[in-house]
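The values are calculated or read from the model by the stated rules, or taken from the named source; none is laboratory data. Keep in mind that this is a model prediction, so the values were computed, not measured. Note: ideal-geometry Cβ built from the backbone for every residue, glycine included; neighbour counts use all protein chains shown. These area figures cover heavy atoms from the full protein model, side chains too; ligands, DNA and RNA do not enter into them. Shrake-Rupley method; radii C 1.70, N 1.55, O 1.52, S 1.80 Å.
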Amino acid sequence: MGITILGTGHHVPGVPVTNDQLSAVMETSDEWIYPRTGIKQRHFVAEGEGVSDLALKASQRALANAGVDAEEVDFIVFATMTPEFIFPGAGGLLGAKLGIPRVPALDIRQQCAAMPFGMQVANGLVATGAAKTILLVGADAHAGFMPWEDWDVLYGESDRPVSQEAMERGTRHRGLAVLFGDGAAAMVLREGGEDRGFLGADLHTDGRLFDRIYIASGGFRSRPYFTPEMYEREEHIPKMQGRDLFKVAVTELSRSVRTVCEKCAVTLDDVDWFIAHQANDRINGAVRQALKLPESKVPSNIAKYGNTSAATIGLLLDELRRGGEVKEGQLICFLALGSGLNWGSVLMRL
Ligand code: ACO
């Protein structure tokens, strides 16, 4: 039938940063953030910590959960929009850290939509015999583009006031900055056999919508590819058209879920869980209403982690599997939308 998920694991760094703590570095509040997003707190990597470090811990947990040795992994698919280096990608770094340095590692760049894309790629690799045991990882470390420098104030290690300039910079980017948090999640994937596995996917990319969320600078149209002026223009911080993204996400994700169910000849009622990317509880609430799904089938953990981009789906699935809620044999619909824009959904029987 295609690949299924044998094991899952996740890791988030450090201690949580609450919405109220953010108000030390920008004009914001829990009263604004929570009702609009469902987010209460998020985690950030420490200086010097990268996505392959987060991914290592998540992968070790996923392998232990699957009862699979790292040496059995014969392909890594690594999804991140915040790699350690512009090149090379993070997959090879993870392989080296896991002690499997010669295993092929493919980095994919579908941002928050990475998991449905990664699952389809992994399924294809297994179907063609190119791989048997795939480690699919989503990890993101957004701390590097946060619009503040006063990390000691954020963590309450100092009570000095931040400068007016710093407060104004934080406030200019608050609509974006309050949404994201850092984390990693991993899945061990193998052929499922007769009754379990990947049923189908509905995936889309529309590059006309690239500017709905993107980083304007640090790219190879300019010489050099990064300049002090770019930093002064604050172009290392993503630009986002939040309202537009919200509308596209609700419309396209609802359509994609219907399409994948039709393709695979299952009804919405047949699906046990809709495990959606955690960008905003209100987006998922609107998709749920559009599809008339019961609230209990569309779980959320955004309150604890914010939007961890490529990690959200794996992180939520890992919590639900370990909590005994998601069980072997259940039919899962994974759905996500992210920068690109990329979006889509996958149906898989666990
Ligand atoms: N705290 C306080 N006030 C704020 C904040 C904040 N954090 N952010 C914005 N505001 C203010 C704005 O300045 C504005 O004030 P004004 O009316 O005085 O000008 C007001 O709140 C409304 O701002 P909007 O941006 O219009 O707020 P909106 O209701 O659209 O909500 C939000 C913003 C939550 C970002 C919403 O648009 C959203 O969730 N969009 C989807 C974003 C998303 O999913 N991004 C991830 C994409 S996936 C990926 O691949 C990375």
Going through region 134-186 in order, the residues found to be of a type in the set (A, V, I, L, M, F, W, C), more than 14 Å from the ligand (Cβ to nearest atom) and open to solvent by 40 Å² or more (accessible area, probe 1.4 Å) are W151
If we ask which residues in region 102-131 are open to solvent by 10 Å² or more (accessible area, probe 1.4 Å), touching a Leu at 6+ places or on another chain (Cβ under 9 Å) and more than 14 Å from the ligand (Cβ to nearest atom), their number turns out to be 8
Would you please list the contacts, defined by Cβ atoms under 7 Å and residues six or more apart or on different chains, that run from a residue in region 22-34 that is at positive phi to a residue that is within 8 Å of the ligand (Cβ to nearest atom) and not acidic (D, E)? none
Selected residue (criterion: farthest from the ligand (Cβ to nearest atom)) from residues of region 29-64 that are of a type outside the set (G, A, S), surrounded by 19 or more Cβ atoms within 10 Å (Cβ to Cβ) and more than 16 Å from A311 (Cβ to Cβ): L63
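Can you name every residue in region 70-121 that is touching a helix residue (DSSP H, G or I) at 6+ places or on another chain (Cβ under 7 Å) and acidic (D, E)?
Here is the first cut: in region 70-121, the ones touching a helix residue (DSSP H, G or I) at 6+ places or on another chain (Cβ under 7 Å) are 70, 75-84, 90, 93-94, 97-101, 103, 105-108, 110-112, 114-115.
E84, D107 - these are the residues of region 70-121 that are touching a helix residue (DSSP H, G or I) at 6+ places or on another chain (Cβ under 7 Å) and acidic (D, E).
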Restricting to region 223-240, count the residues that are in contact with a helix residue (DSSP H, G or I) (Cβ under 8 Å, 6 or more places away or on another chain) and exposed (fewer than 14 other Cβ atoms within 10 Å of the Cβ). 0
If only one of L253, L189 is more than 16 Å from the ligand (Cβ to nearest atom), out of contact with any Gly (no Cβ under 8 Å at 6 or more places or on another chain) and not polar (S, T, N, Q), which one is it? L189
Can you confirm whether region 200-222 contains a residue that is modelled with pLDDT of 95 or more, open to solvent by less than 40 Å² (accessible area, probe 1.4 Å), within 15 Å of the ligand (Cβ to nearest atom) and among the acidic types (D, E)? yes
Which ones in region 226-275 are aromatic (F, W, Y) and under 17 Å from W343 (Cβ atoms)? F246, F274
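What about E27, is it among the acidic types (D, E), in a loop (DSSP other than H, G, I, E, B) and over 17 Å from G181 (Cα atoms)?
Answer is yes for this residue.
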